[in-house]
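For reference, the structure is listed below as structure tokens.
The values are calculated or read from the model by the stated rules, or taken from the named source; none is laboratory data. Computed from a prediction, not measured in an experiment: that's the story for all the values here. Cβ placement follows ideal geometry from the backbone for every residue including glycine, while neighbour counts extend to all protein chains displayed. The area values use the complete protein model at the heavy-atom level, side chains included, leaving out ligands, DNA and RNA. Shrake-Rupley method; radii C 1.70, N 1.55, O 1.52, S 1.80 Å.
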Amino acid sequence: MRILYLHNIDISSEQANLIQVFSMCKAFSQLGNEVILSIPGYEVSPNKKIINQDGFKILLRKQNPYLGKFNKYLCKFQIRRVIKNIKPDLLYLRSPLLLSQTINSQLPIIMELHNNKLHLGYKILDNHWEKLIKKCVRDKSIKLIVCISKALTEYWIQKGIPRKSIITEHDGIDIEKFTNDVGKQKAREMLGISTQKSVITYLGRLYEDRRIDDIIALAKSFKDTSFYVVGGPNDQAKKYHTLAIEDGIDNISFIGQIPHKDTPKYLFASDILLALWSKDVPTINFCSPLKVFEYMASGRTIVAYGFPTIREVLNNKKNALLVEPESIEELKNAVDYALKEDVSFLGRNARNDVFENYSWIDRAKRILENIKCE
């Protein structure tokens, strides 16, 4: 089958959004399908218009650098040309805007949803796209809705999507990247991290709603432990580094943005991995964070704020330590417990869970099987 995955995030992005899309395209191709991913790129030359990557092809759509975010609203004819040239058997979408631009293609569509809000800025667009999705499900142009959490699936069922037309598929991992656990000592040697102290790591974005201040507070409480915060934006990393220094905290390092392929090293080098969010994260009630599955795959102890969607995957004292969201005292107690007690079984259980249930290729297989069973 020839699958055309249409997306509107620029190829230069480091967002987890694009990492997930690349991973799914690779998984679909590993199942024997011909996969073409069409995404925008600001610097598109004739010899770089098509890129071969991990078994699938990336077809770049040229963007006008002066139009910025408006490019995605003005690419309807580009999209039509891509579909005409590729002649796919199936369209895979994550954006309702792209749905509106492909609705007349007469091709079967799989629509993946990551939030209850389809447009965070304008209510009128949110309502319009919700109506469009429901119409496309009714007339069978959308063959399947894929939601990334059970909470999100139930939300859309309550909104009128038939249960038979929707499935839950959490995010996942690329098994190949985590099969070989290099061990803590070797990983630390590769990164230049001391092997004499326990290491606690946070991997992810450093936005205001990610509770980075809580990590600084932990570092202040556990001075004999090394803390590593890996992720960007880099200006945020510099800001938090300055705050820590001003508070006299010298056992926390802000690494900044790194290539995604290098993240397993930091995970394998760690004793404890922190998964923190706040109630202010717009998607917290419906999300399926990519880093949770990568944390699980590393086999290290996870300490997380136990929001409901996180509890769909992580189970307290079975494969992680979960605490009341935004409770710094409970967080400190859990970290103290994980440092003093042998809780290595939590990491082993998490690694087994993710390898058995959350690989990208298994996710892709289940999605396509639901199309065949229609």
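Brief remarks on what is shown
- You will find that of 143, 117, the residue that is modelled with pLDDT of 95 or more and either within 16 Å of residue 3 (Cβ to Cβ) or within 25 Å of the chain's Cα centre (by Cα) (or both) is 143 and no other.
- Residues that are open to solvent by 10 Å² or more (accessible area, probe 1.4 Å), outside any loop (DSSP other than H, G, I, E, B) and over 16 Å from residue 286 (Cβ atoms), drawn from region 302-320: 316
- Counted residues, region 155-165 - those being in contact (Cβ under 8 Å) with a residue 12 or more places away in the chain, assigned to a helix (DSSP H, G or I) and in contact with a helix residue (DSSP H, G or I) (Cβ under 8 Å, 6 or more places away or on another chain): 1
- There is at least one residue in region 353-363 that is under 30 Å from residue 26 (Cβ atoms) and open to solvent by 80 Å² or more (accessible area, probe 1.4 Å).
- For residue 329, the stated conditions hold: it is open to solvent by 70 Å² or more (accessible area, probe 1.4 Å) and modelled with pLDDT of 95 or more.
- Verdict on residue 371 being at pLDDT below 95 and outside any loop (DSSP other than H, G, I, E, B): yes
- Considering the conditions (1) without any contact (Cβ under 8 Å) to a residue 60 or more places away in the chain; (2) in contact with an Asp or Glu (Cβ under 8 Å, 6 or more places away or on another chain), residue 367 is excluded by exactly one of them, (1).
- Of all residues in region 239-258, those that are on the phi > 0 side of the Ramachandran plot have Cβ atoms under 7 Å from Cβ atoms of residues that are in a helix (DSSP H, G or I) and surrounded by 16 or more Cβ atoms within 10 Å (Cβ to Cβ), 6 or more apart or on another chain, in 256/237.
- Of all residues in region 166-200, those that are crowded, with 19+ Cβ neighbours inside 10 Å and either acidic (Asp, Glu) or in a helix (DSSP H, G or I) (or both) total 6.
- Conditions (1) open to solvent by less than 10 Å² (accessible area, probe 1.4 Å); (2) more than 22 Å from residue 133 (Cα to Cα); (3) among the small types (Gly, Ala, Ser); number of the one not met by residue 23: (1)
- Subset of region 245-270 (residues that are under 27 Å from residue 17 (Cα atoms) and of a type in the set (Asp, Glu)): 262
- Within region 203-250, the set of residues being among the hydroxyl-bearing types (Ser, Thr, Tyr) and at pLDDT 95 or above comprises 221, 225, 226, 228, 240, 242.
- All positions within region 251-300 that are open to solvent by less than 10 Å² (accessible area, probe 1.4 Å) and part of a strand (DSSP E or B): 256, 272, 273, 274, 275
- Flag for residue 209 being part of a helix (DSSP H, G or I), open to solvent by less than 40 Å² (accessible area, probe 1.4 Å) and closer than 22 Å to residue 20 by Cα: yes
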